[in-house]
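What follows is a set of notes on a single structure, which appears directly below.
The values are calculated or read from the model by the stated rules, or taken from the named source; none is laboratory data. Please read these numbers as outputs of a predicted model, since none were measured by experiment. Cβ atoms come from the backbone with ideal geometry, glycine included; neighbour counts cover every protein chain shown. When the accessible area is computed, the model is the full protein with side chains, heavy atoms only, and any ligands, DNA or RNA have been set aside. Shrake-Rupley method; radii C 1.70, N 1.55, O 1.52, S 1.80 Å.
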Amino acid sequence: MTFDDRVQVVAKKGFTDRQARFLVTVMLHSGVCVPRQYARFCGIVHGEKTRKFFAKLVRLGYSSMYDCRHNRARIYHVNQRALYSAIGEADSRLRRPLALSHAIQRLMVLDAIVEDPDLVWLGTGEEKAAHLTALTRIEPTNLPHVGVGQGDARIIRYFPERLPIGIHLAGRGVLVYVVADPWLDEFRVFLERHAALLRALPAWTLRIVVPPQFPGIGQRAKQVVWNQLMTPLRAETLDELRWYFEQAHAHPTPSRCDDLDQRFYEARDAFSAPRFKALYRMWKQDGEAALAGAGSHRISVAVEAGAGRVVTLDLGHRYGHLSPLVAVA
């Protein structure tokens, strides 16, 4: 089903077009929402129309409502199976009860989406794979993925972060990342996992969503992008890095090994930075393919030409008043 197909199905249940579009967006990307997000999505003032819409969702059993610390704050979890079935997502994980940290992260994702409601936002892994392979002709093996299991039982899961990807009508892709780790280690892995996709897109924007509890982290995140993706490694450095990864994998406990020489320990010191730790995680999963783009200038050239953009979205909304949701969930 296309997004418009889903909107039409939901609208037939007694909703206006913009109400249906908002509901489909929530069901594909977050599962939870707050009234101000609906007002922002529709470009209206948060008032009586918004209150009536959410009251209808609860009355008809489409959504559960949770009271929050602030007397007027509410979180709504769109979780009716029949509604998800109507859009082809009956088994969506977004229907399940969730803890506070996950609920807040999903609200942040939705906040990033409602800033650009006119984009085509891809939610499921199947949608992302279909659109992006058609747009870029990227090989499916180069799409963001993780491998689960070993040998014949190994399963490949595409787009494991399950974060939205937006597509402008002109073809620019918008990758969203919500910072949840103040050390940015997981962000580095996200960048490596999406590096091949960024190199394949004709134009792209990396939108780093910065929550209010991490002041100043936006600039640090931009520096991480520069360090991880826009500083190509020289051929001789890659050769030494490849050798070190092989040795490190073969000797998980170097202190107990007698066959390691000075070269290994010098390489371990040289490659102890966070950048190489993220690369090592990807190398253990994908082997040589993880290093294929480490010497490429394509991403830095795209940024210099304006085809690639790295921006931050500072969320001005506070989420601490929503904390009682965890007890309910």
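I need the Kirkwood Rh of region 247-308: take the reciprocal of the average 1/r across all distinct C-alpha pairs and report it in angstrom.
It is 13.9 Å.
What accessible area per residue, rounded to a whole number of Å², is obtained for the chain using a probe radius of 1.4 Å?
50 Å²
Short version: what are the Cα gyration tensor semi-axes of region 1-107, square root of 5 times each eigenvalue, largest first, in whole Å?
Each semi-axis is the square root of five times an eigenvalue, giving 20, 17, 12 Å.
Amide H to amide H, which residues 5 or more places from Leu122 or on other chains are under 5 Å from it, using H placed in the peptide plane?
Under 5 Å from the amide H of Leu122 lie the amide H atoms of Ile165, Gly166, Ile167, each far enough along the sequence or on another chain.
In terms of the ratio Rg/(2.2 N^0.38 Å) built on C-alpha atoms, what value belongs to region 26-80?
1.07
Based solely on C-alpha atoms, express the radius of gyration and the Dmax of region 84-208 in angstrom.
When restricted to the Cα atoms of region 84-208, Rg and Dmax are 15.1, 43 Å.
Within the chain, how many Lys pairs that are eight or more residues apart, or on different chains, come under 21 Å at the alpha-carbon?
Taking the Cα cut-off of 21 Å, the pair count is 7.
Rg over Rh of region 83-154, using C-alpha atoms and the Kirkwood radius, what does it come to?
1.02
Rounded to the nearest 10 degrees, what's the angle between the helix 217-229 long axis and the longest principal axis of the chain, both from Cα atoms, 0 to 90?
40 degrees
Can you pull out the trypsin sites (Lys or Arg not before Pro) in region 232-268 whose DSSP state is coil and whose Cβ has at most 16 other Cβ atoms within 10 Å?
Those satisfying the criteria are Arg234.
Work out from phi, with θ = phi - 60° and the Karplus expression 6.51 cos²θ - 1.76 cosθ + 1.60, the ³J(HN,Hα) of each residue of region 148-159, listed in order in whole Hz, and give x for Gly and Pro.
Working through the residues one at a time gives 10, x, 10, x, 5, 8, 5, 10, 9, 10, 8, 6 Hz.
Please report the orientation-averaged projected area of the chain, defined via the convex hull of its C-alpha atoms, in nm².
Projected area, direction-averaged: 19.5 nm².
Which value in nm describes the separation of the simple spin-label points at Thr124 and Asp185, placed 7 Å from the Cα toward the beta carbon?
The answer from the label model is 3.4 nm.
Within the set of other residues whose C-beta is less than 12 Å from the C-beta of Leu206, count the net charge using Lys and Arg as +1 and Asp and Glu as -1.
Surrounding charge for Leu206 is +4.
In terms of the Cα gyration tensor, with a ≥ b ≥ c the square roots of its eigenvalues, is region 194-329 rounded because a/c is under 1.5, prolate because a/b exceeds b/c, or oblate?
In terms of gyration-tensor shape, oblate.
Where does each of 73-84, 118-129 land if you order them by average Cβ count within 10 Å, highest first?
73-84, 118-129
Return the sequence-ordered ³J(HN,Hα) values of region 111-124 in whole Hz as given by the Karplus equation 6.51 cos²θ - 1.76 cosθ + 1.60 applied to θ = phi - 60°, using x for Gly and Pro.
4, 5, 6, 5, 5, 9, x, 7, 6, 7, 9, 8, x, 7
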